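The values are calculated or read from the model by the stated rules, or taken from the named source; none is laboratory data. Remember, predicted model here, so these are calculated numbers, not experimental data. Every residue, glycine as well, gets a Cβ built from its backbone with ideal geometry; the counts of neighbours run over all protein chains shown. Side chains included, ligands, DNA and RNA excluded: accessible areas come from the protein's heavy atoms. Shrake-Rupley method; radii C 1.70, N 1.55, O 1.52, S 1.80 Å.
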Amino acid sequence: MVACVFGRKGYVLNVETSVAKTALYDRHVAADARIVDFAGYAMPIQYRGIVDEHRRVRSTAGLFDVSHMGEFFLSGSSALESLERIATNRASALVDGRVQYSAMCYENGGFIDDLLVYRLGDSYMLVVNAANKAKDLDWVTSHLLPGTEFRDASDETALIALQGPRSEDVLEAVGAGSFASLGYYYAARGDVAGRTALVSRTGYTGEDGFEIYCEPGDALTIWDALLEGGAPLHVEPVGLGCRDTLRLEMGYALYGNDIDDTRTPAEAGLMWITKLKKGDFIGRDAIVEKRAAGLTERLIGFELEGRGVPRHGHAIVSADETVGVVTSGTFSPSLERGIGMGYLAVGTDGPIEIEIRSRRLKAKLVDLPFYKEGSVRRA
Amino acid sequence: MSTAGLRFTESHEWLKVDGEEALMGLSDYAQHELGDIVFVELPEEGTAVSAGDVLATVESVKSVSEVYSPVAGEVVEINGDLEDSPDLINTDAYGDGWLIKLKLTDVAEIDRLMSDDEYEAHTKG
């Protein structure tokens, strides 16, 4: 047996190196989490087991440390105008406290990153993927208009994601029940366990839940309080392993897998966050051109008919021809079968198969999300 | 379950020899490292293998791992229960979670493998 992707149980990374620790790192070690280097951060991939943690989030609630995410602030008289240039979605539609899923693209339409944009008073917070933080920072700062101020708040921001159908009850238990009135994709500042935080009704799991931004010095207090308050509901810390299976069951794209600088919103099914009519933005012309020329491939979802686990990089085959590639695949704990997303040549008809090592396994195209029972709120 | 009498490889397979045949599987340490096992690909009965050949593939949610034959032999039986219940490897690594029964080409080959005490020391090394 070889090639474990995980570090050893209880294994503590050599933090003498450049790996950064979040404010909650000691809690993960104390909870015997398996810690891996994720985008330069020592992060918990699992505590008890991915399937168990996945089911915890689907049934009551789980707690993720996602402090590795990046937070940038744009402010100043031209902040909105700058944002409209660099992001694909319509930032001007945001009222105070509103959150929006968006993307940034290169001139050729390829994704730089996907992100959340928050309007907080007159400034905007951009929440970006940890692995892309440095690249995003360079891009954003070099494309700001005069009159826009930029601040990287990543190192002074911790982020705890409380996710699951009972999340409201957990907030209630720590005296933060007033956030129950927050709508989906809204955020508000307030008190959580006696500390000030920005609470956002968002997530990456398909369940109702809240993402809680706070100062690193307050993260331990909030984390411990949520676990204690959630104990009657068996709320537990959950790792990045189940974050991936949960998001994939919802068909949510992951940067580096399903979207990257070789893909545009057009074939990724993300035209709903790409507002061609809002005026010019970086990448717009290329996306318009691509659509006019006709798409050659499209991001699809499939499930295996037999047993097996599709993985990133596997070929999609039809009538002995390679017609696509798997970009994300896993064993779905909820559906108890292999599921995946991938780019499939437009016009492919007839049955498809996934080439897994030397075998070809029958698969069928399915509508996203794979998992349709999630408690997530729709706006 | 006691591991007394089992022989182990550095790559975490175990072998339980009975005459000219041996059951093999993955160690409890290995199943724990892999996490939830969701799929097992086993060879066909009658397959002849040399020591070090890939005998099976075990997939957990996050990883794919190959299982190597500790010795030369022929596959005489596979654990069909693993098709519906691959998690037997997680719950009973040395019992119901066995993978394959091999007919050994040379019984003396097992002398190269580690005892349970040596293996335990190996995993703590």
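Values computed for the structure shown
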read-out	value
A:Gly206 being touching a helix residue (DSSP H, G or I) at 6+ places or on another chain (Cβ under 7 Å) and either in a loop (DSSP other than H, G, I, E, B) or open to solvent by 20 Å² or more (accessible area, probe 1.4 Å) (or both)	yes
Total residues in the stretch B:81-92, condition outside any loop (DSSP other than H, G, I, E, B) and open to solvent by 20 Å² or more (accessible area, probe 1.4 Å)	6
Selected residue (only one of B:Gly125, B:Gly95 is surrounded by fewer than 15 Cβ atoms within 10 Å (Cβ to Cβ) and within 16 Å of the chain's Cα centre (by Cα))	B:Gly95
Unmet requirement for B:Arg7, which otherwise passes all of (1) surrounded by 24 or more Cβ atoms within 10 Å (Cβ to Cβ); (2) under 25 Å from A:Gly49 (Cβ atoms); (3) more than 10 Å from chain A (Cβ to nearest Cβ); (4) charged (D, E, K, R)	(2)
Residues of the stretch A:308-327 satisfying the condition of being free of Cβ contacts under 8 Å to residues at least 40 places away in the same chain, away from chain B (no Cβ under 14 Å) and either touching a helix residue (DSSP H, G or I) at 6+ places or on another chain (Cβ under 8 Å) or farther than 12 Å from A:Ala345 by Cα (or both)	A:Ala319, A:Asp320
Breaking point among (1) open to solvent by less than 10 Å² (accessible area, probe 1.4 Å); (2) assigned to a strand (DSSP E or B), for A:Phe150	(1)
Some residue of the stretch A:192-206 being without any contact (Cβ under 8 Å) to a residue 40 or more places away in the chain and basic (Lys, Arg)	yes
Check on B:Val71, surrounded by 15 or more Cβ atoms within 10 Å (Cβ to Cβ), in contact (Cβ under 8 Å) with a residue 24 or more places away in the chain and either facing chain A (nearest Cβ under 10 Å) or in a loop (DSSP other than H, G, I, E, B) (or both)	yes
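Conditions tested, residue by residue: (1) more than 10 Å from every other protein chain (Cβ to nearest Cβ); (2) surrounded by fewer than 22 Cβ atoms within 10 Å (Cβ to Cβ); (3) at pLDDT below 95.
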{"residue": "B:Gly25", "(1), (2), (3)": "yes, no, no"}
{"residue": "B:Ile37", "(1), (2), (3)": "no, no, no"}
{"residue": "B:Thr47", "(1), (2), (3)": "yes, yes, no"}
{"residue": "B:Lys62", "(1), (2), (3)": "no, no, yes"}
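Residue-wise test of (1) buried (at least 22 other Cβ atoms within 10 Å of the Cβ); (2) touching a Pro at 6+ places or on another chain (Cβ under 6 Å); (3) assigned to a helix (DSSP H, G or I); (4) not assigned by TED's automatic domain parsing to the domain that holds A:Thr205.
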{"residue": "A:Leu137", "(1), (2), (3), (4)": "no, no, yes, yes"}
{"residue": "A:Leu145", "(1), (2), (3), (4)": "no, no, no, yes"}
{"residue": "A:Asp169", "(1), (2), (3), (4)": "no, no, yes, no"}
{"residue": "A:Gly175", "(1), (2), (3), (4)": "no, no, no, no"}
{"residue": "A:Ala180", "(1), (2), (3), (4)": "no, no, yes, no"}
{"residue": "A:Gly183", "(1), (2), (3), (4)": "no, no, no, no"}
